[in-house]
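Read through the structure below, which is laid out as structure tokens, and then see the notes.
The values are calculated or read from the model by the stated rules, or taken from the named source; none is laboratory data. Just so it is clear, the structure is predicted and the values come from calculations on it, not from any experiment. Here the Cβ positions follow ideal geometry from the backbone for every residue, glycine too, while neighbour counts run over all protein chains shown.
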Amino acid sequence: MEPKLTSPSVVRGILDELGLRPLKRLGQHFLVDFNARERIVAALELQPGDRVLEIGPGLGALTQRLVELCDDVRAIEIDRALAAYLRDRFGARLQLHEGDALEADFRELLGPAGKLVGNLPYYISTALVVRILEAAPPLAVLMLQSEVALRLSAPPGSPERGALSVLREYAADIDSVTRVGAGLFYPPPQVGSQVIRLRAHAARTTSPWTAIRPVVQAAFGYRRKTLERALEEGLGVDRERGRTALLAADIDPKRRGETLSLGEFDRLAGALGAPASD
Ligand code: SAM
């Protein structure tokens with residue numbers, strides 16, 4: 001009989017039996033709500049033949065449903081004790097990779113069509129989302145802190161606009177799946193949570209990821225500065241070359257990163273030439 005992870009007392013009981021406490025430093029907040037779990041899994045539109053990769057399975061709240069619905073389920077969990085519990089509980093139904101999701105090769109784990117899901121550990125959610133956008137799975141359903149979800153959808157000119165907004169537009173369309181209140185986790189996080197879905201789309205720009213990402217990150221890394229200064233400080237592009245590229249891309253060098261559209265970043269990356277080395 002599988003444990004029903006739908007109340008704080010059940011989750012607390014399992015952790016007690018394992019001699020564990022939720023680790024703040026690993027962002028451990030376990031989902032204890034049946035409806036939220038069902039919505040997240042439904043948003044993945046799983047077919048039996050699909051491959052799905054879960055980041056941070058924890059005690060298996062989502063994993064349980066995933067293994068019921070499809071045959072190829074993989075997961076990455078950094079916590080050794082939780083990984084041992086998951087191996088015990090799911091056996092051959094789960095291909096578990098014990099380690100840091102920030103170092104995992106998502107492309108390899110996902111294969112050409114794998115879907116991705118995760119109630120992400122919030123202390124590294126931004127870095128994980130950038131890596132997920134780069135790997136571009138056809139569908140990703142992610143629980144994030146509401147503030148990061150907002151940044152992912154922010155249009156040009158809005159105060160929430162950041163590197164994540166532009167990189168998301170580059171890679172995927174976004175829609176909202178559901179909000180999840182802090183009381184639906186054990187222990188409750190300090191912030192509100194939002195589940196979003198990313199659907200990869202065909203390229204809408206001419207610049208590849210490796211060319212556009214450093215330009216976007218430089219523009220927002222120095223967001224109080226004008227673009228010509230941000231390019232100089234963030235990318236080491238000398239002022240004159242930056243200015244020439246901005247003018248060639250038809251962008252006023254005195255503008256700031258948050259006002260630029262994806263199309264303008266694309267032109268700027270093209271005008272700057274030399275893609276980054278990664
Ligand atoms: N999926 C479970 C749930 O919904 O109840 C747990 C979600 S909890 C918010 C985040 C999970 O990510 C924890 O199990 C934690 O141990 C794991 N984790 C934290 N940092 C990680 C990392 N760098 N790589 C892989 N997993 C990580």
**Item:** Residue among L133, L139, L152 that is under 23 Å from H29 (Cβ atoms) and either acidic (D, E) or at pLDDT 95 or above (or both)
**Value:** L152
**Message:** Of all residues being assigned to a helix (DSSP H, G or I) and crowded, with 19+ Cβ neighbours inside 10 Å in the range 246-257, which is modelled with the highest pLDDT? Just the residue, please.
**Reply:** L246
**Asked** Is there a residue being touching a Lys or Arg at 6+ places or on another chain (Cβ under 9 Å), more than 14 Å from G257 (Cα to Cα) and either in contact (Cβ under 8 Å) with a residue 24 or more places away in the chain or buried (at least 17 other Cβ atoms within 10 Å of the Cβ) (or both) anywhere in the range 207-217?
**Response** yes
**Complete:** Considering the range 160-173, residues that are outside any helix (DSSP H, G or I) and in contact (Cβ under 8 Å) with a residue 60 or more places away in the chain, and then whichever is farthest from T126 (Cα to Cα), we arrive at R161
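Matching residues to (1) touching a residue at least 40 places away in the same chain (Cβ under 8 Å); (2) within 13 Å of the chain's Cα centre (by Cα):
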residue	(1), (2)
D105	no, no
G111	yes, no
N119	yes, yes
I124	yes, yes
E134	yes, yes
L142	yes, yes
D175	no, no
V180	yes, no
**Item:** Candidate set: the range 102-121, residues that are hydrophobic (A, V, I, L, M, F, W, C) and away from the ligand (no atom under 14 Å from the Cβ); chosen: the one modelled with the lowest pLDDT
**Value:** A113
**Asked** If we keep just the residues of the range 137-155 that are touching a helix residue (DSSP H, G or I) at 6+ places or on another chain (Cβ under 6 Å) and under 22 Å from A218 (Cβ atoms), which is nearest to the ligand (Cβ to nearest atom)?
**Response** V148
**Asked** Quick check, is I124 in the same structural domain as G13 (by TED's automatic domain parsing), within 11 Å of the ligand (Cβ to nearest atom), within 26 Å of K4 (Cα to Cα) and aliphatic (A, V, I, L, M)?
**Response** no
